[in-house]
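A short write-up of the structure that comes next.
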Amino acid sequence: MDREIETEIHVETILFLAHTEADGTLAKAALEALGTAQDLAASLPGTALVAGLFGAQVTAAANEIAQCGAQQFFAVEGDDFSSPRYATDAAAVEMLCRSSRATVVIAPATSRLSRVMAGVSYRLNGRIDTHVNGITATNGAPAITRWFYRQRMVAELQRTQRPWLLLVDSGCHAPYQGASGAATIEVLQVALGDVHKQTQVTGIEAPKADEQTIRPDADLLFVAGAGWTKKQKDGQSHPQDAEDLILGFLRQTKASLGSSKSLVDLSGEGQSVLKFMSHMNQVGQTGATPRHPKGLSTCCHGEEPHVVGWRFINERRAINLDANCGWARGKADVVYVADAFEVMKKLNALVAEKKASSVGA
């Protein structure tokens, strides 16, 4: 006997939500979130895609994504929304969500949005999930994937509560690349009082360009381990030489710097430390899980928590004097059994030579 199987279709309104940058454009992470929202809308029949932007000026950003397929563009703009501030950002995001009547909100996991989205979810009586790695349609409804327990377990989640707010991690989807145009924008007015403006941004402190070591969009992640500060073959430690080699490599290649937990913890043990290294550079365990095309690990012993932090690096290589270290047991694509000090000296010289020849050409 034939039995007709019915699949429930959920009609959703997907809001792509983002803030503009200082120059009025959208960051790469925002364009990645837009690509995610586009794919989800295309996979759910009858779904409407709308866009919501906030910042000092949004016209340039809206025109940049005018051809993304959004049926409406909502905006909150003005000087009060030029800088990150919880009260004004939360008010803007709440207005965008309510005005668009969104059932699913997809936003990039920037520090600015990560600060306010949970509070907005509470105001809307919705639900929120963070560190989302992927969004698909399962049985006619949105489903997300994300990692748990330091990226050791992956889960697929669905919720019936609406609105459902989702913060998408960067590096998980190709950024939107569409033609620009002239977007028709509905500018929303948010009533702000003195209570919303008690916090004032008086300035921005940022390292010099050549001192910046965390570069999420870099092609290469360079990871330093505690071995850089240990005694070398002459029986002495050489932290200053280590600093010069590592910083020289970073300045020439514009790579991003990562660190094992053991290295950043050395300061509490009274040992020599690399002055430019902090817990912000930590990869794995309680640190970050970066997504770079390539990774180079040096003087790391390859313990599992650190390796887990490298799960999403596409090509992983390591330099270690111990041929039996953790990296040599299948956790890296290539292991160079050599002295990291000597290798990096030679590598820096080769990079400098290559850059000089390219300038001369």
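Bear in mind that the values in this text are calculations on the coordinates, not laboratory data. Because the structure is a prediction, the values reported are computed rather than measured. Neighbour counts run over all protein chains shown; Cβ positions are idealised from the backbone, glycine included.
Quick notes on this one:
- Backbone phi angles across segment 51-57, fed through the Karplus curve with coefficients 6.51, -1.76 and 1.60 (θ = phi - 60°), yield HN-Hα couplings of 10, x, 10, 9, x, 5, 9 Hz in residue order; Gly and Pro are listed as x.
- Highest-fluctuation residue, Lys233, Lys261, Lys197 considered, GNM on the chain with Cα pairs under 10 Å: Lys233
- Extended-chain gain in nm, criterion 0.36 nm per residue less alpha-carbon gap, Thr160 and Met280: 39.6 nm
- When Cα Rg over 2.2 N^0.38 Å is computed from the coordinates, the matching label among (1) 1.15; (2) 1.09; (3) 1.00 is (1).
- Amide H contacts for Gln72 (H built 1.01 Å from N in the peptide plane; partners 5 or more residues away or on another chain; cut-off under 5 Å): Ala51.
- The helix-based estimate of mean residue ellipticity at 222 nm for the chain, built from -39,500 (n - 2.57) per DSSP H run of four or more residues and divided by its residue count, is -8000 deg cm²/dmol to the nearest 500.
- Estimated inter-spin distance, Arg101 and Gln189, nm [label 7 Å along Cα→Cβ]: 2.2 nm
- Percent antiparallel among DSSP beta bridges (both partners in the chain, rounded to 5): 20 percent
- Most to least packed among 242-250, 185-193 [average Cβ atoms within 10 Å]: 242-250, 185-193
- Between Leu296 and Leu221, Phe222, Val223, Arg317, the built amide H atoms are under 5 Å apart, and every one of these is 5 or more places off in sequence or on another chain.
- Asp39-Gln240 pseudo-label distance in nm [points 7 Å out on the Cα-to-Cβ vector]: 5.1 nm
- Backbone phi angles across segment 239-247, fed through the Karplus curve with coefficients 6.51, -1.76 and 1.60 (θ = phi - 60°), yield HN-Hα couplings of x, 5, 4, 4, 4, 5, 5, 5, 5 Hz in residue order; Gly and Pro are listed as x.
- Cα principal axis extents for segment 13-197, largest first, Å: 44, 37, 28
- Counting 0.36 nm for each residue step from Asp219 to Ser357 and taking away their Cα separation leaves a gain of 47.5 nm.
- Residue order, fewest to most beta carbons within 10 Å, for Trp164, Trp147: Trp147, Trp164
- Simple label model, 7 Å out from Cα along Cβ direction - Glu211 to Glu21, nm: 2.2 nm
- Taking the DSSP bridge list for segment 13-197 and keeping only pairs wholly inside it, about 25 percent are antiparallel.
- For segment 151-302, diffusion coefficient by Stokes-Einstein and Kirkwood Rh (Cα), 25 °C, 0.890 mPa s, µm²/s: 125 µm²/s
- Ranked list, fewest to most other Cβ atoms within 10 Å of each Cβ, for Glu94, Glu77, Glu315: Glu315, Glu94, Glu77
- Counting beta carbons within 10 Å around each of Met95, Met117 and listing the fewest first gives the order Met95, Met117.
- Just checking the listed ones, Ala56, Ala206, Ala107: in the Gaussian network model of the chain with Cα springs under 10 Å, the one fluctuating most is Ala206.
- Length-normalised contact order of the chain in % [C-alpha pairs under 8 Å, at least 6 apart]: 14 percent
- Normalising the average separation of contacting C-alpha pairs (under 8 angstrom, six or more residues apart) by the number of residues puts the relative contact order of segment 13-197 at 31 percent.
- Within the listed set Arg85, Arg98, Arg127, the Gaussian network model of the chain (springs between alpha-carbon atoms below 10 Å) gives the highest mean-square fluctuation for Arg98.
- Using a cut-off of 23 Å between Cα atoms, the listed pairs Lys261/Lys331; Lys261/Lys355; Lys28/Lys294 include Lys261/Lys355 as exceeding that distance.
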